[in-house]
1. What single numbered condition from (1) crowded, with 16+ Cβ neighbours inside 10 Å; (2) among the β-branched types (Val, Ile, Thr); (3) closer than 14 Å to Pro159 by Cβ fails to hold for Ile273?
2. So, in region 49-103, how many residues would count as being free of Cβ contacts under 8 Å to residues at least 12 places away in the same chain and of a type in the set (S, T, N, Q)?
3. Somewhere in region 75-88, is a residue surrounded by fewer than 20 Cβ atoms within 10 Å (Cβ to Cβ) and either away from the ligand (no atom under 15 Å from the Cβ) or charged (D, E, K, R) (or both)?
4. Among the residues of region 275-285, is there at least one that is at pLDDT 95 or above, among the hydrophobic types (A, V, I, L, M, F, W, C), out of contact with any Pro (no Cβ under 7 Å at 6 or more places or on another chain) and closer than 30 Å to Ile394 by Cβ?
5. State all residues of region 277-304 that are crowded, with 18+ Cβ neighbours inside 10 Å and either of a type in the set (Lys, Arg) or closer than 25 Å to Glu167 by Cβ (or both); if no residue qualifies, say none.
6. Any idea how many residues of region 347-395 are surrounded by fewer than 17 Cβ atoms within 10 Å (Cβ to Cβ) and basic (Lys, Arg)?
Amino acid sequence: MKKNNRIETKVIHAGYHPSDHAGSLTPPLFQTSTFSFPSAEEGESRFAGESEGHIYSRLGNPTITVLEERMAALENGGAALAFTSGMAAVSAVLFHLTKSNDHILCSDGIYGCTFGLLQLLKQKYGIDHDLINMDDEETLRSAIRDETAVIYVETPINPTMKLVDLEMVAKVAKEHDIRVVVDNTFCSPYLQQPLALGCDYVVHSATKYIGGHGDVIAGMVVGADKAEMAEMAASVRKDIGGVISPFDAWLLLRGLKTLAVRLDRHCDNAEKIAEKLKSHPKVGKMFYPGDEEFPQHALAKKQMRRPGGMISFEVKGAKKDAQEILNRVQLIKLAVSLGDTETLIQHPATMTHSVIPKEEREKMGISDTLIRLSVGLEAWEDIWADLKQALDGIE
Ligand code: LCS
């Protein structure tokens, strides 16, 4: 396959050659834990890294390799590693890049379990962190310490949809020799490519848009530098061991084939739903990068191909009104997760971000009336009809 193929083509072909596998059109599922060696000498040379054959599926498996090569191609990275969950991917990259007493700078909003992981790193290894508003270059510069090893960014931030200017962050980080890790879960490589903007690592909860069908928990790390990724494979991934299962890798490869088609439809539907939500009398503030009044609309246009399928909004009223909307939807499913074919709705303050203390949560912009919607692939008219009846039903 040509390296300069478009992403719509790469999602289908990158990293796989049918001729390597008896012409099988789709990558075969190597559902095996181990690989037999033709001789003791060959076993010795594989363990010594002198020959290329497989050893054991925690160290490498042909189905997983296709997924990793495909994701590296999609993010324009040097190499990728697949993990058993998004959190396994996030923790692997942070273990890889930090040591005791280092410091991590974070965007002022992150997924609840990533927040939990940062507390754990602090308690156990003295790795401190600060969550800061990265809107302004000077604020970012002044928050950097001698011990800062990583800048960790979500953009859009889950669930407030705030954006971080990746080109600016990468530029500042380079001046200080700090690695930038971007959680690209909300966009997928189809909508945003952090490595092309100068960042060093991308992580994904592949559970979301990469898989796309709500049937797998998985994670990915893609690194710009192939040698650094090889080190990570040989240490953190091998010895902490959160490797994806071959079957889950196969499901992700199947999901990825339709990434571009799905994301376009997610974006089309979200555009329609946002337009309707904005003029509904029960809706207060809406947070959607595609909205012309969204404070970072220009940045969205600069670094995202399209605004994505996620919308958050505040309900006029109190927590009980937000909960009532969640109780009234029928077609839309009341569930955490996102990026699935089904439209999902949830209440971040009591669900995905409930582990974050209330005061900190409110600083991030997660109020008790905030609702997060992952717009699915159903007919947008049906999604809206359901949401409208739920909104109309509150006092
Ligand atoms: N990063 C982001 C931005 C996420 O939204 C999630 C999960 C993760 C990492 C962790 O991935 P996992 O281990 O679950 O594959 N986010 C969820 C959410 O918003 N609702 O349910 C899970």
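1. Here Ile273 meets the rest and fails (3).
2. 1
3. Yes, the conditions are met somewhere in region 75-88.
4. Yes, there is a match, as at least one residue in region 275-285 is at pLDDT 95 or above, among the hydrophobic types (A, V, I, L, M, F, W, C), out of contact with any Pro (no Cβ under 7 Å at 6 or more places or on another chain) and closer than 30 Å to Ile394 by Cβ.
5. The answer is Lys282, Phe287, Tyr288, Pro289, Gly290, Asp291, Phe294, Gln296, Leu299, Ala300, Gln303, Met304.
6. Within region 347-395, residues that are surrounded by fewer than 17 Cβ atoms within 10 Å (Cβ to Cβ) and basic (Lys, Arg) number 3.
A quick yes/no check of all residues on (1) within 12 Å of the ligand (Cβ to nearest atom); (2) part of a loop (DSSP other than H, G, I, E, B); (3) more than 18 Å from Gln389 (Cβ to Cβ):
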position	(1), (2), (3)
Ala322	no, no, no
Ile325	no, no, no
Leu331	no, yes, no
Gly339	yes, yes, yes
Met351	yes, yes, yes
Ile356	no, yes, yes
Lys363	no, no, yes
Glu378	no, yes, no
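Residue-wise test of (1) among the hydroxyl-bearing types (Ser, Thr, Tyr); (2) in a loop (DSSP other than H, G, I, E, B).
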position: Lys10; (1), (2): no, no
position: Thr26; (1), (2): yes, yes
position: Phe37; (1), (2): no, yes
position: Thr114; (1), (2): yes, no
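The values are calculated or read from the model by the stated rules, or taken from the named source; none is laboratory data. As the structure is a prediction and not an experimental result, all values here were calculated from the model. With ideal geometry, Cβ positions are generated from the backbone for all residues, glycine too; neighbour counts draw on all protein chains shown.
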